[in-house]
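Reviewing the structure listed below.
The values are calculated or read from the model by the stated rules, or taken from the named source; none is laboratory data. Since this is a predicted model, take the numbers as computed values, not measurements. Counting neighbours? That spans all protein chains shown, and the Cβs are built from the backbone with ideal geometry, glycine included. Accessible surface areas use protein heavy atoms only, side chains included; no ligands, DNA or RNA. Shrake-Rupley method; radii C 1.70, N 1.55, O 1.52, S 1.80 Å.
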Amino acid sequence: MKNVIIFGASGHGSVIMDCIEKEGKYKLIGFLDSIKQKGLRHNGYEILGTEFDLPYIIDKYNIFGGIVAIGDNWVRKQVVDKIKKIAPKFSFIRVIHPQTIIGKNVVIGKGSAIMPGVIINTNSTVGNHCILNTFSSLDHDGYMHDYSSLAPKVTTGGNFSLGRYSAVCLGGQIIENINVGQHSVIGAGSLVLRSVPNNTLCYGVPAKIIKNRKIGDPYLVSSNNRLDSESHNNTLNRLFKIS
């Protein structure tokens, strides 16, 4: 069984840890985390260091590959890019919980995480470094582009396309033949009846365009704890050491 690591000792990292254990395809060695102290344990696994320790950790533990467990799509992309610079030959694994239903002719890219209860129907494509969270569904002929995500209990109709870095939040519902552009966010509980352009925030029943988004704008924060874009980016640069 090949040895792997998880980048990010967070709640999302815990769910991916559980998927790796249940899938039984890889042996999880531990976590890398840029915030939490090296040597601490997270759900029984050691925090081995940060991404900058990666070359040493690969050699010491004979690491085959790993996965980035960061929920924010844009930040996940930045961290993947950083890893590629530090260890250009690093392999990103896909993780699929055994309690999923995957149809015929489905393609799932590297670095993607498929959580328990997910349904991916026939002729669908999931790009690289995507997330399909608990009990979400991608119907027939769906296409999730790289670094996109479906939150828990999202339901999509057939021929749905989700653009790069875009997210459908908790419980969103999308009818058939809908296209959501890049860097867009569908708010929790929304019903999407029309296609959504790039760089927009939409929510409501039915969903309406609320405002335009800048690349990297936060969306995984509560309404009482929102950060402006510049402050958010500075915080991410500090936490994840992104240059």
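Dividing the summed helix terms, -39500 (n - 2.57) for each DSSP H run of n ≥ 4, by the number of residues in the chain produces a 222 nm estimate of -6000 deg cm²/dmol to the nearest 500. Using only Cα atoms, tell me the angle between helix 73-86 and the longest principal axis of the chain; keep it within 0 to 90° and round to the nearest 10. The angle comes out at about 30 degrees.
Taking label positions 7 Å along the Cα-Cβ direction at both residue 46 and residue 211, the computed distance is 4.6 nm, reported to one decimal. Residues whose amide H comes within less than 5 Å of that of residue 200, counting only those at least five positions distant or on another chain, are 184, 185, 213 (H built at 1.01 Å from N in the peptide plane).
Could you look at segment 138-185 and say what percent of its accessible area is carbon and sulfur, using a 1.4 Å probe and all protein chains? Solvent-exposed carbon and sulfur of segment 138-185 make up 46 percent of the total. Size of segment 40-110 from its Cα atoms: along the principal axes, largest to smallest, the extents are 40, 29, 25 Å. Segment residue 101..residue 198, full-extension length gain: 31.9 nm, with 0.36 nm per residue of separation and the alpha-carbon distance subtracted. Within segment 33-167, the ratio Rg/Rh, alpha carbon atoms throughout and Rh by Kirkwood, equals 1.01. Put a dot 7 Å past the Cα of residue 1, heading toward its Cβ, do the same for residue 177, and the two dots end up 4.8 nm apart. Considering only the Cα atoms of segment 133-198, their convex hull presents on average a projected area of 3.4 nm².
With R₀ set to 30 Å, the beta-carbon distance separating residue 60 from residue 25 gives a calculated FRET efficiency near 0.85.
Summing Cβ point charges (Lys, Arg +1; Asp, Glu -1) relative to the Cα centre of segment 94-221 gives a dipole of roughly 240 debye. When both bridge partners sit in the chain, DSSP labels roughly 10% of those beta bridges antiparallel.
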